[in-house]
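The values are calculated or read from the model by the stated rules, or taken from the named source; none is laboratory data. Keep in mind the model is a prediction, meaning the values are calculated, not measured. Every residue, glycine as well, gets a Cβ built from its backbone with ideal geometry; the counts of neighbours run over all protein chains shown. To get the accessible areas, we keep the full protein, side chains included, count just its heavy atoms, and leave off ligands, DNA and RNA. Shrake-Rupley method; radii C 1.70, N 1.55, O 1.52, S 1.80 Å.
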Amino acid sequence: HQVLTTLHTNSAIGTFPRLLDIGVLPDIMTGNIIGVISQRLVRLLCPHCKVPHKPDDVELRLLEMDTSPSDITIYEPGGCSHCANTGYKGRVAIIEALRINNELDELIAKRATLGELKAMAKQTGYMTLADDAVRCVLEGRTSLTEITRVIDLTQRLK
């Protein structure tokens, strides 16, 4: 049997500390969770009026970019008749998917810290919500302002 459920956490990896907080024992989680998905909806920039923008130093840090601002173009909302002068039209999900492997299962059983879980997950290609959101900004699909409205990018600065 497979069960799909919702749980209020800030990230997919935050599921395990949250389940511990509500009393689920690690040996119940171990071997029974095959994956966790976290998602947020962000507004898409209107393709008719999005405005190119060179990121400043703070924006480059939030994007974790080590290049000069002249190498990167991101976009800001404009406003036109196609988007009712909002600068946005439509939405897209930013997603973080965590597949549970044997190594993560062992860490869960040992009540590993969030940092330990994240480090192990990163070794297997895990991308956070922030990683996916930044990808959407760099592709010109949404704005940095929009993703910072939905998720906390300042965690990337630590």
Point to revise | Search result, residues across the stretch 95-105 that are in contact (Cβ under 8 Å) with a residue 40 or more places away in the chain and part of a helix (DSSP H, G or I) | key: 105
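Hey, among the residues in the stretch 132-158 that are hydroxyl-bearing (Ser, Thr, Tyr) and assigned to a helix (DSSP H, G or I), which one's surrounded by the fewest Cβ atoms within 10 Å (Cβ to Cβ)? Give the derivation first.
Kept after step one, since they are hydroxyl-bearing (Ser, Thr, Tyr), are these residues of the stretch 132-158: 142-143, 145, 148, 154.
Cutting the leftovers down to assigned to a helix (DSSP H, G or I) gives us 145, 148, 154.
Working: 145: 14, 148: 16, 154: 11.
Top of the filtered list is 154.
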Practice item. Just name the residue that is surrounded by the fewest Cβ atoms within 10 Å (Cβ to Cβ) out of those in the stretch 47-82 that are of a type in the set (A, V, I, L, M) and outside any loop (DSSP other than H, G, I, E, B). Key: 58
Review point. Any idea which of 92, 134, 36 is hydrophobic (A, V, I, L, M, F, W, C), touching a residue at least 40 places away in the same chain (Cβ under 8 Å) and touching a helix residue (DSSP H, G or I) at 6+ places or on another chain (Cβ under 6 Å)?
Key: 36
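Say we look at the stretch 108-131 and pick out the residues that are outside any loop (DSSP other than H, G, I, E, B) and without any contact (Cβ under 8 Å) to a residue 60 or more places away in the chain; which of these is surrounded by the most Cβ atoms within 10 Å (Cβ to Cβ)?
Restricting attention to the stretch 108-131, the residues satisfying the condition of being outside any loop (DSSP other than H, G, I, E, B) are 108-109, 114-123, 129-131.
Okay, now just the ones that are also without any contact (Cβ under 8 Å) to a residue 60 or more places away in the chain, so 115-116, 119-120, 122-123, 130-131.
On the way: 115: 9, 116: 13, 119: 13, 120: 18, 122: 13, 123: 11, 130: 22, 131: 14.
The selected residue is 130.
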Study note, to complete from the structure: In the set 23, 31, the lone residue that is at pLDDT below 90 and more than 17 Å from the chain's Cα centre (by Cα) is 31
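For the stretch 23-46, enumerate the residues that are assigned to a strand (DSSP E or B) and under 15 Å from residue 6 (Cβ atoms). Full working, then the answer.
Initially, the stretch 23-46 is screened for residues assigned to a strand (DSSP E or B), giving 35-45.
Those that are assigned to a strand (DSSP E or B) and under 15 Å from residue 6 (Cβ atoms): 35, 36, 37, 38, 39, 40, 41.
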Study note, to complete from the structure: If we keep only residues of the stretch 34-70 that are farther than 24 Å from residue 87 by Cα and not charged (D, E, K, R), then the residue farthest from the chain's Cα centre (by Cα) is 68
Study note, to complete from the structure: Residue pairs within 8 Å by beta carbon, gap of at least six or interchain, first lying in the stretch 1-19 and open to solvent by 100 Å² or more (accessible area, probe 1.4 Å), second not in a loop (DSSP other than H, G, I, E, B) and not small (Gly, Ala, Ser), listed first then second, are 8/18
